[in-house]
1. Which one is farthest from Glu96 (Cα to Cα), of the residues in segment 38-80 that are in a loop (DSSP other than H, G, I, E, B) and acidic (Asp, Glu)?
2. Can Leu86 be described as at pLDDT 50 or above and among the aliphatic types (A, V, I, L, M)?
3. Give segment 45-70 a look and list any residue that's touching a residue at least 24 places away in the same chain (Cβ under 8 Å) and either buried (at least 23 other Cβ atoms within 10 Å of the Cβ) or among the polar types (S, T, N, Q) (or both), or say none.
Amino acid sequence: MEKPAPLKGKFSIFSSRAAGRPIRCLVGDDVATYGLSKAEFMEKVQQSNEACQRGDFEAAVHLYSEALRADPQNCILYSNRSAALLKMGQHQVALEDAEKACELNPKWPKNDVSSRRR
């Protein structure tokens, strides 16, 4: 089995072990094109992850949305925002974000529902 290309870090709001670890983001060199420097983008993502861990899902959704304006092709941000929206009870919007994450990266492990039991 071929190993995926290394990424900048890893994060999941579903794991308490993720606290304090690097954030997994697929950040292109064009982030500055959208009005944020790479450092500002990473700070937004860090803040959104921290908001999720605090249970402040409204703030997390807002921050993930800001980060997505800078990197609209980032499936991980859509997935994380979907999880936060789900926690807020916004099921339809959460589903739309989850579908967008799948569309952007169909091979991402969290998208593989064939291996999950129902």
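The values are calculated or read from the model by the stated rules, or taken from the named source; none is laboratory data. From a predicted model like this one, the values you see are computed outputs, not experimental measurements. Every residue, glycine among them, receives a Cβ derived from its backbone with ideal geometry; neighbour counts consider all protein chains shown.
1. At the first step, the residues of segment 38-80 found to be in a loop (DSSP other than H, G, I, E, B) are 55-56, 71-74.
Now narrow it down to the ones that are acidic (Asp, Glu): 56, 71.
Values: Asp56: 21, Asp71: 17 Å.
Across segment 38-80, the extreme among qualifying residues is Asp56.
2. yes
3. Across segment 45-70, the qualifying residues are Val45, Ser48, Asn49, Cys52, Gln53, Ala60, Val61, Ala67, Ala70.
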